[in-house]
1. Mind checking which helices (runs of 4 or more DSSP H) fall wholly inside segment 48-123 and carry at least 2 residues that are among the charged types (D, E, K, R) and over 17 Å from the mean Cα position of the chain (by Cα)?
2. Has segment 188-197 got any residue that is away from the ligand (no atom under 16 Å from the Cβ), at pLDDT below 90 and acidic (Asp, Glu)?
3. Would you point out the residue of segment 150-167, among those that are within 14 Å of the ligand (Cβ to nearest atom) and surrounded by 14 or more Cβ atoms within 10 Å (Cβ to Cβ), that is nearest to Thr108 (Cα to Cα)?
4. What are the residues in segment 128-144 that are part of a loop (DSSP other than H, G, I, E, B), under 14 Å from Arg65 (Cα atoms) and within 7 Å of the ligand (Cβ to nearest atom), if any?
5. Only residues that are surrounded by 16 or more Cβ atoms within 10 Å (Cβ to Cβ) and free of Cβ contacts under 8 Å to residues at least 40 places away in the same chain: list them for segment 204-219, please.
6. Which of the following residues is among the small types (Gly, Ala, Ser) and touching a Phe, Trp or Tyr at 6+ places or on another chain (Cβ under 9 Å): Ser77, Ser100?
7. Across segment 87-126, which residue is surrounded by the most Cβ atoms within 10 Å (Cβ to Cβ) among those that are under 27 Å from Glu176 (Cα atoms) and aliphatic (A, V, I, L, M)?
8. Which one of the conditions (1) open to solvent by less than 30 Å² (accessible area, probe 1.4 Å); (2) within 16 Å of the ligand (Cβ to nearest atom); (3) not polar (S, T, N, Q) does Phe147 fail to meet, given that it meets all the rest?
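The values are calculated or read from the model by the stated rules, or taken from the named source; none is laboratory data. Please read all numbers here as calculations on a predicted model, not as lab measurements. Heads up, the Cβs are rebuilt from the backbone with ideal geometry, glycines too, and the neighbour counts pull from every protein chain shown. Quick note on the areas: whole protein, heavy atoms, side chains included, nothing else; ligands and nucleic acids left out. Shrake-Rupley method; radii C 1.70, N 1.55, O 1.52, S 1.80 Å.
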Amino acid sequence: MGKVAATLQKNITTAATLIRNSNQGVVLTGAGISTPSGIPDFRSAGSGLWNRFDPHEVATLSVFRYQPEKFFAWMRSLALDILQALPNPAHLALAQMEKSGQLTTVITQNIDGLHTRAGSKNVLEVHGSLQTLTCIGCYQQYDSSGFIEPYLEFGEIPRCPECHDTLKPDVVLYEEQLPARTWLKARHSVTNCDLMLVTGSSLEVMPVAGLPMQAVERGARLILINDSPTYVDERADVILRGNVAEILPLIAAKVIDG
Ligand SMILES: [Zn+2]
């Protein structure tokens with residue numbers, strides 16, 4: 001504890017108190033919570049493959065439909081990073097606070113499944129997940145295991161065993177709508193929350209980026225744990241800058257043990 005600067009220590013205490021005093025605490029997470037697990041944020045510069053292709057130009061529904069080989073070639077390194085990744089202390093801290101009844105829901109923009117693997121139960125993956133694939137021809141859904149290995153190893157495009165059309169990972173691409181049921185649940189949880197904790201998201205991708213403001217307008221308290229400024233900084237009760245994998249466990253310890 002001695003190493004943690006005084007301001008940060010004070011903010012950790014404030015955040016923990018806000019969480020303890022809340023009845024419906026909802027978390028919103030983005031890429032920044034998974035970077036300590038080795039999954040690059042594709043908006044941050046300097047991460048190899050991510051620089052060669054602009055995700056806005058490759059991770060789109062049109063590219064998937066008309067140039068699936070281009071899409072799958074782009075997706076391969078991300079899928080590999082995700083498959084090798086393990087939950088980090090930030091994911092685990094959120095799962096602990098859910099288990100102890102201090103947080104109710106995790107809404108995540110991430111497709112890596114790490115919140116669930118860390119033990120969080122009520123996870124809303126509003127940008128989908130890599131765990132399943134759906135055939136674009138017959139709409140049959142499959143578990144990714146069994147398809148992911150030949151794809152990662154040989155670049156084999158996953159095909160439907162029934163109709164042989166292309167299988168699409170159940171992730172939300174640019175030009176695509178969010179999964180309706182999950183998104184409505186997320187909106188509902190935000191409508192009812194009295195505390196929102198945003199972590200690892202620069203709040204740039206709509207419509208998810210709008211959720212914290214909706215919470216604040218309804219009177220919820222707001223905690224931000226981020227590297228970079230966001231458009232809701234002025235409305236936050238407390239802002240913590242630094243490594244989420246260090247900060248969140250310190251908050252969780254204070255929330256749970258007092
Ligand atoms: Zn099919």
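1. On the way: elements: 49-52, 55-58, 61-66, 68-84, 89-99, 114-118.
Per the criteria, 68-84.
2. Here is the first cut: in segment 188-197, the residues away from the ligand (no atom under 16 Å from the Cβ) are 188-197.
With the extra rule that they be at pLDDT below 90, the set shrinks to none.
Within segment 188-197, none of the residues are away from the ligand (no atom under 16 Å from the Cβ), at pLDDT below 90 and acidic (Asp, Glu).
3. Keep residues of segment 150-167 that are within 14 Å of the ligand (Cβ to nearest atom), which gives 157-167.
The next check asks that each one be surrounded by 14 or more Cβ atoms within 10 Å (Cβ to Cβ); those that pass are 157-160, 165-167.
Working: Ile157: 27, Pro158: 26, Arg159: 28, Cys160: 28, Asp165: 30, Thr166: 27, Leu167: 23 Å.
Step by step, filter segment 150-167, then rank; the result is Leu167.
4. Gly137, the sole residue that qualifies.
5. If the condition is that a residue be surrounded by 16 or more Cβ atoms within 10 Å (Cβ to Cβ) and free of Cβ contacts under 8 Å to residues at least 40 places away in the same chain, then Ala209, Met213, Val216 are the ones that fit.
6. Numbers: Ser100 fails: touching a Phe, Trp or Tyr at 6+ places or on another chain (Cβ under 9 Å).
On inspection, the qualifying residue turns out to be Ser77.
7. Among residues in segment 87-126 that are under 27 Å from Glu176 (Cα atoms) and aliphatic (A, V, I, L, M), the one surrounded by the most Cβ atoms within 10 Å (Cβ to Cβ) is Val106.
8. (1)
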